[in-house]
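**Q** Got a structure for you, questions after.
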Amino acid sequence: MKLKYFAWVRERIGKPEETIEPPPGVTTVEELIVWLVARGETYAHAFEKPRVIRAAIDHAHVKQDAAIAGAREIAFFPPMTGG
Amino acid sequence: MKLKYFAWVRERIGKPEETIEPPPGVTTVEELIVWLVARGETYAHAFEKPRVIRAAIDHAHVKQDAAIAGAREIAFFPPMTGG
Amino acid sequence: MTDNITVRIQETDFDIAREIAGLTAERSDIGAVVSFTGVCRGSEEGSAIAALTLEHYPGMAEAEIARHAETAMSRWPLFGIRVVHRVGRITPGENIVLVVTASKHRQAAFEAAEFMMDYLKANAPFWKRVEAAGGTKWIEARDHDDAAAARWTKS
Amino acid sequence: MTDNITVRIQETDFDIAREIAGLTAERSDIGAVVSFTGVCRGSEEGSAIAALTLEHYPGMAEAEIARHAETAMSRWPLFGIRVVHRVGRITPGENIVLVVTASKHRQAAFEAAEFMMDYLKANAPFWKRVEAAGGTKWIEARDHDDAAAARWTKS
């Protein structure tokens with residue numbers, strides 16, 4: 001699946017997107033964050049306050065307990081500040 | 001004092017304005033309407049439902065019990081339908 | 001802030017972009033601009049109309065609108081208000097009235113624009129006459145416009 | 001009525017008069033048009049800024065805004081909604097976002113424009129970064145924008 005990062009999440013991770021293949025035990029957005037944090041410093045920095053981070057699966061806002069099965073694109077970003 | 005008429009009040013009376021000199025017994029807007037109605041058919045038609053008519057003294061909305069002493073310009077018109 | 005209030009009553013149409021620019025030019029503290037444009041509809045109460053003719057009370061109309069704009073300026077943190085109201089003959093699709101409000105934040109700009117429009121509909125000395133196939137007729141005031149204006153009255 | 005919804009995200013500025021005309025042209029049943037323009041202020045939380053840079057989530061942003069516009073069309077009797085949101089670098093005094101709503105009556109147009117703006121501030125996938133003398137910094141979301149968006153939630 002493809003991951004996308006925006007705003008300071010993108011800056012901290014150091015890339016706008018990447019393709020990953022999480023192991024079968026990773027079934028929710030929350031578990032995906034835990035798995036990403038274990039991958040390195042930049043991810044740990046981006047997700048240091050995981051409750052602040054918003055997520056979207058295939059362009060729809062989701063809560064962190066959402067299942068990721070079947071997702072093509074998961075995005076992580078800070079709270080929105082548009083308008 | 002000068003009287004001004006607008007919208008269908010103007011049309012019924014047949015003129016946009018006139019200068020009048022009401023007798024001393026006419027002290028309020030309400031009494032002025034009664035006095036005008038006695039002047040003729042056109043006034044009686046314009047003021048046939050006196051409660052519908054709005055009044056302004058010197059450009060300020062007033063109720064019909066308002067005193068007319070000192071007024072330079074009194075206007076009569078239907079409820080407003082601007083905007 | 002100094003009161004930045006412009007009120008115009010005119011027969012000609014207005015240019016919304018120019019009116020907004022006139023209100024906001026040379027300022028960098030404005031965050032929100034709301035415009036309301038009232039447009040002449042092609043029908044009134046279900047019947048097609050050919051045109052509206054708007055009459056006003058010259059002198060009183062300008063002064064009253066400006067006074068209500070000052071009230072709005074004192075009730076909301078606004079940078080300015082601009083009102084343009086047309087009079088004369090107006091055909092369907094043409095503009096009738098424009099209110100523009102500018103503020104730091106959006107809520108004040110929205111509320112002040114609604115306040116001004118509720119006033120203009122119910123209490124400003126303007127009258128509309130409809131021109132239709134059957135002749136001409138004055139539009140009657142609607143109770144719900146009075147109710148909309150009354151909701152701003154402080155208790 | 002068919003849904004008349006236009007959503008654009010672009011780097012260039014917009015022309016408010018042209019956007020309004022695009023929404024209302026060829027119609028004679030529109031009585032009320034409300035526009036909201038969000039403008040870049042020269043200061044954020046009391047400090048002067050040089051510019052904002054806006055980032056968005058391409059694809060999701062357009063789809064989400066259009067979805068909320070459809071919700072507005074179903075909740076209010078509207079003829080159409082037009083939203084233009086800029087991205088990229090924007091300096092003080094420049095436009096950021098435009099919402100235009102058109103309806104038969106003013107209340108629907110006002111409420112729908114407020115509804116769209118509350119959504120855009122709190123829930124649309126856009127992020128603002130401030131450029132100031134001390135460097136650059138992302139703007140943090142404000143609780144009262146969430147509260148403003150939440151007031152439209154049906155209970």
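The values are calculated or read from the model by the stated rules, or taken from the named source; none is laboratory data. Just so we're clear, the structure is a prediction, and the values are computed from it rather than from any experiment. Don't worry about glycine lacking a Cβ; one is built from the backbone with ideal geometry, like all the others, and counts go over all protein chains shown.
Yes/no matrix, rows are residues, columns are (1) within 22 Å of residue C:108 (Cβ to Cβ); (2) surrounded by fewer than 20 Cβ atoms within 10 Å (Cβ to Cβ); (3) not acidic (Asp, Glu):
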position: D:71; (1), (2), (3): no, yes, yes
position: D:80; (1), (2), (3): no, no, yes
position: D:109; (1), (2), (3): yes, no, yes
position: D:114; (1), (2), (3): yes, no, no
position: D:117; (1), (2), (3): yes, no, yes
position: D:139; (1), (2), (3): yes, yes, yes
position: D:146; (1), (2), (3): yes, yes, no
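**Q** Which residues, counting only those in the stretch C:81-99, are part of a strand (DSSP E or B) and more than 14 Å from chain B (Cβ to nearest Cβ)?
**A** So the first thing to find is which residues in the stretch C:81-99 are part of a strand (DSSP E or B), and the list is C:81-86, C:88-90, C:95-99.
If the condition is that a residue be part of a strand (DSSP E or B) and more than 14 Å from chain B (Cβ to nearest Cβ), then C:81, C:82, C:89 are the ones that fit.
**Q** Quick check: is even one residue across the stretch B:21-31 surrounded by fewer than 20 Cβ atoms within 10 Å (Cβ to Cβ), of a type in the set (A, V, I, L, M) and under 17 Å from residue C:58 (Cβ atoms)?
**A** no
**Q** Condition first: more than 8 Å from chain B (Cβ to nearest Cβ), outside any helix (DSSP H, G or I) and aliphatic (A, V, I, L, M). Now tell me which residues in the stretch C:105-155 satisfy that.
**A** Correct list: C:130, C:132, C:133.
**Q** So, one more: Hey, residue A:53 hits all of (1) surrounded by 12 or more Cβ atoms within 10 Å (Cβ to Cβ); (2) more than 11 Å from every other protein chain (Cβ to nearest Cβ); (3) touching a residue at least 24 places away in the same chain (Cβ under 8 Å); (4) farther than 21 Å from residue D:137 by Cβ but one; which does it fall short on?
**A** Among (1) surrounded by 12 or more Cβ atoms within 10 Å (Cβ to Cβ); (2) more than 11 Å from every other protein chain (Cβ to nearest Cβ); (3) touching a residue at least 24 places away in the same chain (Cβ under 8 Å); (4) farther than 21 Å from residue D:137 by Cβ, the lone unmet condition for residue A:53 is (4).
**Q** Take the conditions surrounded by 22 or more Cβ atoms within 10 Å (Cβ to Cβ), at pLDDT 90 or above, within 19 Å of residue B:78 (Cβ to Cβ) and in contact with a Phe, Trp or Tyr (Cβ under 8 Å, 6 or more places away or on another chain) and apply them to residue C:98. Does it pass? Don't jump to the end; show me each part of the working.
**A** Working: surrounded by 22 or more Cβ atoms within 10 Å (Cβ to Cβ): yes; at pLDDT 90 or above: yes; within 19 Å of residue B:78 (Cβ to Cβ): no; in contact with a Phe, Trp or Tyr (Cβ under 8 Å, 6 or more places away or on another chain): yes.
Criteria not met by residue C:98.
**Q** Right, here's the next one. May I ask you to verify whether residue D:8 is more than 7 Å from every other protein chain (Cβ to nearest Cβ) and charged (D, E, K, R)? If you could, list the steps in order and put the result at the bottom.
**A** Values: more than 7 Å from every other protein chain (Cβ to nearest Cβ): yes; charged (D, E, K, R): yes.
Yes; evaluated as a whole, the condition is true for this residue.
**Q** Please return the ranges of strands (runs of 3 or more DSSP E) entirely within chain B where 1 or more residues are on the phi < 0 side of the Ramachandran plot and of a type in the set (Phe, Trp, Tyr). First the steps, then the outcome.
**A** Working: elements: B:2-5, B:17-19, B:54-57, B:60-62, B:73-77.
Where strands (runs of 3 or more DSSP E) fall fully within chain B and carry at least 1 residues being on the phi < 0 side of the Ramachandran plot and of a type in the set (Phe, Trp, Tyr), they are B:2-5, B:73-77.
**Q** So which residues in the stretch D:28-64 are in a loop (DSSP other than H, G, I, E, B), crowded, with 17+ Cβ neighbours inside 10 Å and more than 7 Å from chain C (Cβ to nearest Cβ)?
**A** D:40, D:49, D:57
**Q** So which residues in the stretch D:65-80 are in a helix (DSSP H, G or I) and touching a strand residue (DSSP E or B) at 6+ places or on another chain (Cβ under 7 Å), if there are any at all?
**A** D:65, D:66, D:69, D:70, D:72, D:73
**Q** Looking only at the stretch C:5-21, count how many residues are touching a residue at least 60 places away in the same chain (Cβ under 8 Å) and either more than 21 Å from residue C:70 (Cβ to Cβ) or in a strand (DSSP E or B) (or both).
**A** 11
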